[in-house]
1. Going by the conditions given, is residue 101 modelled with pLDDT under 90 and within 18 Å of residue 52 (Cβ to Cβ)?
2. When the residues of the stretch 85-112 are narrowed to those that are under 22 Å from residue 56 (Cβ atoms) and crowded, with 20+ Cβ neighbours inside 10 Å, which ends up nearest to the chain's Cα centre (by Cα)?
3. Which of the numbered conditions does residue 173 fail, given that it passes all the others? Conditions: (1) surrounded by 17 or more Cβ atoms within 10 Å (Cβ to Cβ); (2) touching a residue at least 60 places away in the same chain (Cβ under 8 Å); (3) more than 16 Å from the chain's Cα centre (by Cα).
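The values are calculated or read from the model by the stated rules, or taken from the named source; none is laboratory data. As the structure is a prediction and not an experimental result, all values here were calculated from the model. Because the Cβ atoms are built from the backbone with ideal geometry, glycine has one as well, and the counts that use them run over all protein chains shown.
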């Protein structure tokens, strides 16, 4: 037991010395005078035309025997406001439309949504109406992943709000999403 306390005092002393000498060095990076020389604070507002791809994965339930995976391409408009400084982040909203690439019928999904980013972590949700022009299904899609005001890479689980039998119960329970701001329509940078 005495050996245990001897080792504990030794490790405690190392931690105290580390913070005594290391903390002032680490705090220098957080001072405003250091950052004013290295990084200036600015805000960027953007409106972009965006192109994206969605890969639908997963099974809806235990009885789902489909082996077909769906691929959708999407196009739309993003409006974002991001803050760049010591810890960057921002938010955005969008209106987009997905188009099915390998569905038996022609399927589109207009959607609206919004997201918030803190550093590279992005959280958001959107509402989509999947339709083949004979029936439709409303989905709420919360998501998380990485992204900025120029791109998003997210995992999107689906919550089906209406018509769970859409596409003969073949639309899976979620998708992986990637989108990129291809064409800048408006950009305003303020200091």
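1. Numbers: modelled with pLDDT under 90: yes; within 18 Å of residue 52 (Cβ to Cβ): yes.
Yes; evaluated as a whole, the condition is true for this residue.
2. If we filter the stretch 85-112 for residues that are under 22 Å from residue 56 (Cβ atoms), which is where we start, we get 94-112.
Keeping just the survivors that are crowded, with 20+ Cβ neighbours inside 10 Å gives 94, 96, 98, 100, 107, 109.
Values: 94: 13, 96: 15, 98: 17, 100: 22, 107: 24, 109: 19 Å.
Per the criteria, the residue is 94.
3. (1)
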